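Comments concern the structure below.
Bear in mind these aren't lab numbers, they're just calculated from the coordinates by the rules spelled out. Note that the coordinates shown come from a computational prediction; the quantities given were computed from them, not determined experimentally. Here the Cβ positions follow ideal geometry from the backbone for every residue, glycine too, while neighbour counts run over all protein chains shown.
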Amino acid sequence: MRILHTEASCGWGGQEIRILEESAGLMARGHELWLACPPQAPIAEAAAARGLTVRRLPIGRKRVAGLLAMRGLLREQRFDVINSHSSTDTWLAALACASLSDAPPLVRTRHISAPVAASAANRWLYARASHRVVTTGEQLRRDLIQGLGCHPERVISIPTGIDPGRFRPARDADERQALRAALGLPADRPLVGIVATLRSWKGHRYLIEAVASLSRPVSLVVVGDGPQRDALRAQAEALDRPGLVHFAGQQAEVAPWLRAVDLFALPSYANEGVPQALMQAMFTGLACVTTDAGAIGEIALPGQTAVVVPREDPVALGHALAGLLADPVWRQALGERARAHVLERFTRERMLDDMLTVFGAVARP
């Protein structure tokens, strides 16, 4: 198939990473992948490096210029299916398709759990203009069916898949210590890790507060970058605890960082599907502390595959971290159960199979 992805966002996070990972997997299976995105979007260079054909279009905002550019691309090139990802590019793609007599079918992937207003326009977009809607979690799927009246058979939950060979547990303590030395991390204390774009709803500020409350020496390793960077650095500096928080910044490869830490935390309080970073941590065999935001509950089963704490509660978060750090046997068992759970359902190959089923069901002959 010839597949066009559209992405209006100029940010960087799990959504963009999924587009790239999914595209690379489908290209390896013989399909042709294109991407339409704004000229300044970070995903443009990343996609070109992966081998996608990239068209830089003025689609960062809902404007006539973007609609005309999208329409022009669809008239110039014949695609078997379009897969849109953000609100703006979905609207532009849907309107462009509606204005053409021979438009490809539109599949809308919805990555986050932010509510969708039950307006007539949104009902048209999701229930009629989109041939299928893919969500990254079952809870997101139910929300669209109940809130917008989408037909259940047209909304499919396909969580992001992870490569279990790339995200594997550390072989032993020696490998973990070697990674810490290579990454410049402390070797004399437990490490709590978080991998997430530095956005408010990821809950970093509560995690910093929770780690600061622990009675034993612990360091927090923050992997990622984003709009909350300066605020979080200021929060950490105000604590006047050198070594408490290690800001690693954006990392192209996060697997070594996960293998270097002792446990993982993701205290999100909104806008989550099934987070990639949480799944990556579970594939790595890490014990995880998280919340029930979005569709997190589909992998974080309380007491079975993760410790689940209330949202925006640094006290509960601190107690959970302290309990896991004090009990290495429980920590290891929780991590092993988490890895076994995600291996059953959330692999990259399963995601590719499911997406091809969706695309194949709607693709024009």
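Would you please list the contacts, defined by Cβ atoms under 7 Å and residues six or more apart or on different chains, that run from a residue in the stretch 157-181 that is closer than 30 Å to Val133 by Cβ to a residue that is surrounded by fewer than 20 Cβ atoms within 10 Å (Cβ to Cβ) and of a type in the set (A, V, I, L, M)?
Correct list of pairs: Pro164/Leu343; Arg166/Ala255; Phe167/Ala255.
Return the only residue of Val289, Val315, Val274, Val358 being assigned to a loop (DSSP other than H, G, I, E, B), of a type in the set (Val, Ile, Thr) and on the phi < 0 side of the Ramachandran plot.
Val274
Can you pull out every residue in the stretch 258-269 that is assigned to a loop (DSSP other than H, G, I, E, B) and either under 13 Å from the mean Cα position of the chain (by Cα) or over 20 Å from Ala114 (Cβ atoms) (or both)?
Across the stretch 258-269, the qualifying residues are Val261, Asp262, Ser268.
Look through Asp102, Asp89, Asp80 and report the one residue that is surrounded by 18 or more Cβ atoms within 10 Å (Cβ to Cβ), of a type in the set (D, E, K, R) and over 24 Å from the mean Cα position of the chain (by Cα).
Every option except Asp80 fails the conditions.
In the stretch 306-354, how many residues are of a type in the set (Val, Ile, Thr), under 25 Å from the mean Cα position of the chain (by Cα) and surrounded by fewer than 22 Cβ atoms within 10 Å (Cβ to Cβ)?
2
Of all residues in the stretch 231-248, which are of a type outside the set (Gly, Ala, Ser) and under 19 Å from Ser268 (Cα atoms)?
Within the stretch 231-248, Leu232, Arg233, Gln235, Val245, Phe247 qualify.
Out of Leu207, Leu185, Leu191, Leu239, report the one residue that is more than 29 Å from Glu349 (Cα to Cα), in contact with a strand residue (DSSP E or B) (Cβ under 9 Å, 6 or more places away or on another chain) and without any contact (Cβ under 8 Å) to a residue 60 or more places away in the chain.
Going through Leu207, Leu185, Leu191, Leu239 in turn, just one is more than 29 Å from Glu349 (Cα to Cα), in contact with a strand residue (DSSP E or B) (Cβ under 9 Å, 6 or more places away or on another chain) and without any contact (Cβ under 8 Å) to a residue 60 or more places away in the chain: Leu239.
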